[in-house]
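Report on one structure; see the data block that follows.
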Amino acid sequence: MAIVERVFSGVQPTGNLHLGNYLGAIVNFVKLQETHNCIYCVVDMHAITQGADVWGGPAELARNTREVAAAFIAAGVDPKKHIVFNQSQVSGHAELTWIFNCVARVGWLSRMTQFKEKAGKDRENASVGLYDYPVLMAADILLYRATHVPVGEDQKQHLELARDIAQKFNNDFGDSIRGQGFNEGLFFPQPEPLITGPATRVMSLRDGTKKMSKSDSSDNSRINLTDDADTIAQKIRKAKTDPEPLPSEEKGLETRPEADNLVGIYAALSGRSKQQVLSEFGGGQFSSFKNALVELCVEKLSPIASEMKRLVADPGHVDAILVDGAERANAIAAETMKSTKDIVGFIRSR
């Protein structure tokens, strides 16, 4: 079973998809499908690692799962040419996670900064799933022997863990891997990160030092993918800025996080560099720039919001897409799991 170049990425169905999700992930999903074989997953198993008060309970999880799938499709992902599915429909994710739990080391997981951030001071009461979810993330990627993963800066550490697990598995079971016909002793690839675009990390509209997040108590801190044109305009015009004009050079953004964030958003939505944006708007006041940003955001996001609304109103159609995607994903996953079990020494039915 030769390694095929393949992209894998997933988005948690935690509700309230926003501009950060779109620019940091979904817009790149659309671009990558032009050049790669792509598998895009709604990672509903990751969503339940914290209490139901965080993920909203069963009805909310199902609704959010459909909303993320709808966002993929509304943004331009083609579920017929590529694979769109929800993680829990493919049992290989859980199976491979257990095997990787026995390969990964506690010290590796203890260094994961996101666990420390999410668990806070009450780590003893955090779920095992929250602690272990980087291993599940590694299994998500390697179940399809993916070679490339589009990730934001905050996920690079988890991708490094996936690479470490792949390498240790290949080393631990090298003789068995070669015995199964993989002559170089390489079964799992070491996936490479794909970090693209000028706005891979979109910050809050109220505080340019904090990441845009659905958990922020202020709805004005983010642009939701379901916001209408008037709401988008209001949020951008209220976005925090500083009293100085926009700089003409990118270096002038280094100590101005709010300006840097808005310029980055404009650049990403327009497919230009930050410097190109500043060449047009540098020296001008924020009011004029914000008006231009409003027009651009509405132009790019309104069609997505309309299509998402249409798709979410037809849950049966979305579910059919997810089931079809899961069947195609499972065909790949099953081959990986057969070889993995043979390599480890598990007896299985032939």
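Since every read-out is calculated from the coordinates, none of them should be taken as a lab result. Because the structure is a prediction, the values reported are computed rather than measured. Positions of Cβ are backbone-derived with ideal geometry, glycine not excepted, and every protein chain shown enters the neighbour counts.
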Summing -39500 (n - 2.57) over every DSSP H run of at least 4 in the chain, dividing by its residue total and rounding to the nearest 500, the 222 nm mean residue ellipticity is -16000 deg cm²/dmol
Applying the gyration tensor rule to the Cα atoms of the range 1-143 (axes a ≥ b ≥ c; rounded if a/c under 1.5, else prolate if a/b exceeds b/c, else oblate), the class is oblate
The rounded separation in angstrom of the Cα centers of the range 277-297 and the range 148-191 is 45
Semi-axes in Å, largest first, for the range 219-310 (Cα gyration tensor, √(5λ)) are 24, 14, 10
Counting only DSSP beta bridges with both partners in the chain, the antiparallel fraction in percent, to the nearest 5, comes to 15
By the C-alpha gyration tensor axes a ≥ b ≥ c (rounded if a/c is under 1.5, else prolate when a/b exceeds b/c, else oblate), the shape of the range 272-350 is oblate
Of the convex hull enclosing the alpha-carbon atoms of the chain, the direction-averaged projected area in nm² is 18.8
Note, ALA334: beta-carbon cut-off 15 Å, +1 each Lys/Arg, -1 each Asp/Glu, net +2
Length gained, ARG105-GLN190, 0.36 nm per residue minus C-alpha separation, equals 28.9 nm
Exposed GluC sites (Glu not before Pro) being those in a DSSP loop with at most 16 other Cβ atoms within 10 Å, the longest stretch of the chain free of them is 35-183
